[in-house]
Amino acid sequence: MRAAEAREPERHRILYDRYAQLFLRPLSRASLATWRIAGSVNRWAGDLSPGMAAFVLARHRFIDEAMIEAVGRGSIRQVVLLGAGYDTRAYRFAGQLRDTRIFEVDHPATGGRKRTVTAANTELLVDPGNLSYVEIDFRVDSLSEKLRAAGFDPAVPAFFVWEGVSMYLTREQVKNTLQTLHALGASGSELALDFWFLMDGSNLYSTVHRTAAQMLSFLSEPITFTLHPEDAPSMLERLGWRAEDVATASELERRFVTDERKVSPANYVLTATRI
Ligand SMILES: C[S@@+](CC[C@H](N)C(=O)[O-])C[C@H]1O[C@@H](n2cnc3c(N)ncnc32)[C@H](O)[C@@H]1O
């Protein structure tokens, strides 16, 4: 979705990630070869789950801006990308993050492929010199131990990004992770994350969105954790985090969408500060 968006006209782009296409496999890259097909990819994704492509792009843009603003305030000197995937923030924001350590935490399979792609594209993906890969299997490894072993300093405030992960976990795993981040992060640490929720209402619109969440089971990515935006601040507070900027679909559209696209109303993104 990020690679396809990079081919949209600049005036309509929700997000610009010039490096995203480097991580595509050959077939996807070939299908993005023309601008027309690139635009269609995001529309197909939109048909499967209405507004999902626009949400994925707006979520990334929201977190980009939250992270840069937080680091710019001065005390945060560590960024931790949990389940980093093909996140290219270390490269896109190399200038703004030059005095910040960056930890990309992911499964060895994803992290390994990412290293292969970056090693093959060093002219474009210039080593920022402050980036550490942390290999982990969240199901069995201790995040705290892995991060400390990689050089994470619990005395220095951090910005944690937990993007596109919570919906695939159990409630216990979500709670444990938030508690772990609270324990790991020094005072002044911040967090950006997103949640999925099941829309109530018996009308067709809500039913389509509830069905879209179930459809992901057929792509082997079942949605297992949902949290209504009204309930997020109280749950976060019990786990040591104060919700700050909660951006639901209409707010993401207002901030970032300049064409006719709609953001999925069943997803939202937020920032929180450590209590
Ligand atoms: C939906 S992707 C989100 C990627 C990235 N944050 C983004 O928004 O583009 C979920 C990420 O979680 C990672 N992941 C899934 N299961 C994992 C596990 N058991 N241990 C470590 N990482 C895992 C995947 O490798 C993938 O990079």
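Tabulated results
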{"read-out": "Any hit, the stretch 195-214, residues being under 24 Å from S132 (Cα atoms), under 18 Å from the mean Cα position of the chain (by Cα), surrounded by 17 or more Cβ atoms within 10 Å (Cβ to Cβ) and in contact (Cβ under 8 Å) with a residue 24 or more places away in the chain", "value": "no"}
{"read-out": "Positions within the stretch 58-73 being more than 12 Å from D87 (Cα to Cα) and not β-branched (V, I, T), in sequence order", "value": "A58, R59, F62, E65, A66, M67, E69, A70, G72, R73"}
{"read-out": "Residue in the stretch 209-219 that is assigned to a loop (DSSP other than H, G, I, E, B) and of a type in the set (A, V, I, L, M) present", "value": "no"}
{"read-out": "Single match in R77, R101 (criterion: away from the ligand (no atom under 12 Å from the Cβ), without any contact (Cβ under 8 Å) to a residue 60 or more places away in the chain, in contact with a strand residue (DSSP E or B) (Cβ under 7 Å, 6 or more places away or on another chain) and not aromatic (F, W, Y))", "value": "R101"}
{"read-out": "Cross-chain or 6+ apart pairs with Cβ under 9 Å, the stretch 108-137 first and at positive phi, then surrounded by 15 or more Cβ atoms within 10 Å (Cβ to Cβ)", "value": "G129/A94"}
{"read-out": "Filter result (within 15 Å of the ligand (Cβ to nearest atom), surrounded by 15 or more Cβ atoms within 10 Å (Cβ to Cβ) and of a type in the set (V, I, T)) within the stretch 129-177", "value": "V134, I136, V161, V165, V174, T177"}
{"read-out": "The one condition in (1) near the ligand (Cβ under 10 Å from one of its atoms); (2) more than 16 Å from the chain's Cα centre (by Cα); (3) among the hydrophobic types (A, V, I, L, M, F, W, C) that L82 fails to fulfil", "value": "(2)"}
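The numbers here are math on the coordinates, done by the rules we state, and not lab data. These numbers come from a predicted model, not from an experiment. Reconstructed Cβ throughout: ideal geometry from the backbone, glycine too, with neighbour counts over all protein chains shown.
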